[in-house]
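First up is the structure itself, then whatever we jot down about it.
The values are calculated or read from the model by the stated rules, or taken from the named source; none is laboratory data. Treat the numbers as computed from the prediction; the structure is a model and nothing was measured. Reconstructed Cβ throughout: ideal geometry from the backbone, glycine too, with neighbour counts over all protein chains shown.
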Amino acid sequence: MKQILLWATLLLVLVSVNLSIIKKEKTLAAGRTMLLELAPVDPRSLIQGDYMILRYRIAENIPKEQLRDKGCIVVSPDANNVAKFVKIHSGEKLQDGEYLLFYRNRGGIRLGAESFCFQEGDAQLYLQAKYGELRTDETGTSVLVGLRGKDFEALGRRKK
């Protein structure tokens, strides 16, 4: 009986992890590209390796006293796909040009990836980062796909 329970638990964990991966891959493949302006942060953590801690300027415009523990905000991308805060979503139908972006309220508003890892020695490639590039799905779930510079150019090494 213990072995059956162990295998069933293992199978459940594997299925749920794989479903999560499939959902993220679908968001990457078919999601809408959205840019979030970065707020100033400490660029690197020397203790934990080469990565940047990310904060998004849009979070500064959200009225924190109205937020639940988690939910969605409504954003409207401009001509360059830079998302602007519209309102906190309360279930109403979205207008044309409005999209959802999922958040968590944990002592600060989290709008997706809070760090960006890069290969050792590539810090110089990301020092000019001004935007986080996300792919979002219709539910507001997002995946960070890269960083962009002030002229909206993709930063980092080019894939061959």
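Is there a residue in the range 63-80 that is under 13 Å from the mean Cα position of the chain (by Cα) and on the phi > 0 side of the Ramachandran plot? No, the range 63-80 contains no residue that is under 13 Å from the mean Cα position of the chain (by Cα) and on the phi > 0 side of the Ramachandran plot. What residue, of SER115, SER76, is touching a residue at least 60 places away in the same chain (Cβ under 8 Å), surrounded by fewer than 19 Cβ atoms within 10 Å (Cβ to Cβ) and not hydrophobic (A, V, I, L, M, F, W, C)? Within the list SER115, SER76, the selection yields SER115. Being among the acidic types (Asp, Glu) and out of contact with any helix residue (DSSP H, G or I) (no Cβ under 7 Å at 6 or more places or on another chain) is the filter here, so list the residues in the range 112-160 that pass it. Hits for the range 112-160 are GLU114, GLU120, ASP122, GLU133, GLU138, ASP151, GLU153. Any residue at all in the range 129-136 that is more than 16 Å from the chain's Cα centre (by Cα) and basic (Lys, Arg)? There is no residue in the range 129-136 that is more than 16 Å from the chain's Cα centre (by Cα) and basic (Lys, Arg).
Of all the residues in the range 134-160, those that are outside any loop (DSSP other than H, G, I, E, B) and crowded, with 19+ Cβ neighbours inside 10 Å number 6.
On inspection, LEU101 passes the criterion of being surrounded by 10 or more Cβ atoms within 10 Å (Cβ to Cβ), touching a Cys at 6+ places or on another chain (Cβ under 8 Å), touching a residue at least 60 places away in the same chain (Cβ under 8 Å) and not assigned by TED's automatic domain parsing to the domain that holds LYS24. Determine whether LEU94 is in the same structural domain as ARG57 (by TED's automatic domain parsing) and not in a loop (DSSP other than H, G, I, E, B). No: the conditions fail for LEU94.
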